[in-house]
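The values are calculated or read from the model by the stated rules, or taken from the named source; none is laboratory data. What you see is a predicted model, and the numbers here were worked out from it, not measured in a lab. Reconstructed Cβ throughout: ideal geometry from the backbone, glycine too, with neighbour counts over all protein chains shown.
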Amino acid sequence: MPSCKARLISFFFGFFVLCSSARGAEHPLTLDALVSSKTRLMVFSPHPDDETLGAGGLIQRVLGIGGAVKVVFMTSGDGYPEGVEMEEHISHPTAQDYRAYGVERQEEAVRVLETLGLKQKDIIFLGFPDGGLCTILAKYPSDDGPDYKSPFTLEDRPPPADVVLPDTEYNTEDLERAITKVLVDFRPTLLVTTHPRDQHPDHHSTYFFVEGALQALEKKAPRQKSQPQLLTFLIHFGQWPLDGGGGTGSRLYPPQGFPEKDSEWLSFPLSPEEVDTKRRALLLYHTQMLVMGRYLLSFARGNELFSFDRPRTEKEVEELRRCQQ
Ligand SMILES: [Zn+2]
């Protein structure tokens with residue numbers, strides 16, 4: 001269940017921004033009210049590339065005006081058979097191949113994020129299993145019970161290099177603890193992650209893991225006045241955004257058929273330099289460009305879209321948490 005208090009604070013702040021910006025303005029709303037030299041932006045990315053696709057411009061902007069940014073990768077993208085086959089030219093990858101592919105994607109993500117202006121110390125890999133987040137959320141709730149085992153890497157815990165907390169294993173409790181730790185360590189003012197209606201199971205689960213950690217924090221310190229503002233971005237929804245045309249100069253619009261009641265979209269305009277840097281960064285994701293280059297580049301446009309988080313009913317949450325692609 002959503003934490004009503006945290007959600008209402010977020011929602012009302014969002015509502016205020018929307019109302020005040022909407023008065024007399026025909027143009028899409030902007031995020032300017034949330035972005036300043038005091039902004040501490042934390043991006044939770046399901047896989048290496050989602051952070052740049054969804055928020056590569058926002059990351060550059062916050063860094064450019066003197067704010068702080070950390071990017072947290074839930075998985076290292078180590079469970080992607082087509083990717084491993086294309087990159088390594090092997091038809092039946094072994095667990096070792098998948099693990100090596102994860103390491104390669106981490107190194108690639110570091111190069112990409114350096115292009116956006118981040119330092120390596122501001123990049124965190126949680127090392128959870130690619131393709132396994134939804135199953136963990138649905139079936140592996142507790143540290144006391146069994147842990148999930150990746151059918152790709154055959155691991156049931158993050159690689160030693162990625163351990164944020166000792167004894168972390170692949171279950172919901174441990175992942176939320178790791179997320180809570182990075183939130184407490186960094187104290188973000190602005191939190192960005194994937195939308196709960198994103199159709200990739202790792203993506204909508206990432207939202208619920210982050211949201212669960214926020215709830216846990218809110219419970220522990222209910223009077224803490226500085227709950228971060230939570231925004232979401234969308235990556236997978238049908239053929240979007242390829243179906244809407246594209247190209248560097250064009251704009252990104254919300255997908256057709258997206259449940260309207262579910263979102264208040266904010267358009268964040270990027271400068272030509274920011275778009276160019278985002279595009280160059282995406283091109284550095286060689287392993288992913290090989291498999292879906294055209295799709296990745298369709299996100300390098302003149303704006304990025306974010307959605308304010310909103311309160312949801314128990315029924316909506318139940319529906320959104322289902323593991324279907
Ligand atoms: Zn992804």
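Quick check on the stretch 90-110. Is at least one of its residues under 18 Å from the mean Cα position of the chain (by Cα), more than 18 Å from VAL291 (Cβ to Cβ) and more than 14 Å from the ligand (Cβ to nearest atom)? Checked the stretch 90-110: at least one residue is under 18 Å from the mean Cα position of the chain (by Cα), more than 18 Å from VAL291 (Cβ to Cβ) and more than 14 Å from the ligand (Cβ to nearest atom).
As a summary of the residue check, ASP202 satisfies the conditions (1) modelled with pLDDT under 95; (2) within 16 Å of the ligand (Cβ to nearest atom); (3) within 16 Å of PHE73 (Cβ to Cβ) except for the one numbered (1). Residue count for the stretch 267-308, restricted to those that are under 16 Å from GLY117 (Cα atoms) and of a type in the set (Val, Ile, Thr): 2. Taking the numbered list (1) away from the ligand (no atom under 16 Å from the Cβ); (2) charged (D, E, K, R); (3) over 22 Å from THR180 (Cβ atoms); (4) in contact with a Leu (Cβ under 8 Å, 6 or more places away or on another chain) in turn, ARG40 passes all entries but (3). Of all residues in the stretch 76-93, those that are under 15 Å from THR153 (Cα atoms) have Cβ atoms under 7 Å from Cβ atoms of residues that are aromatic (Phe, Trp, Tyr) and not in a helix (DSSP H, G or I), 6 or more apart or on another chain, in SER76/PHE125; ASP78/PHE152; GLY79/PHE152.
Among the residues of this structure, TYR101 does not count as one that is free of Cβ contacts under 8 Å to residues at least 40 places away in the same chain, farther than 14 Å from PRO151 by Cα and touching a Ser or Thr at 6+ places or on another chain (Cβ under 8 Å). In the stretch 93-129, of all residues being outside any helix (DSSP H, G or I) and not aliphatic (A, V, I, L, M), the one that is surrounded by the most Cβ atoms within 10 Å (Cβ to Cβ) corresponds to PHE128. Would the stretch 151-161 turn up any residue that is within 16 Å of the ligand (Cβ to nearest atom) and surrounded by 16 or more Cβ atoms within 10 Å (Cβ to Cβ)? Yes, there is a match, as at least one residue in the stretch 151-161 is within 16 Å of the ligand (Cβ to nearest atom) and surrounded by 16 or more Cβ atoms within 10 Å (Cβ to Cβ).
Only a single criterion out of (1) at negative phi; (2) more than 16 Å from the ligand (Cβ to nearest atom); (3) surrounded by fewer than 24 Cβ atoms within 10 Å (Cβ to Cβ) is not satisfied by PRO81, namely (2).
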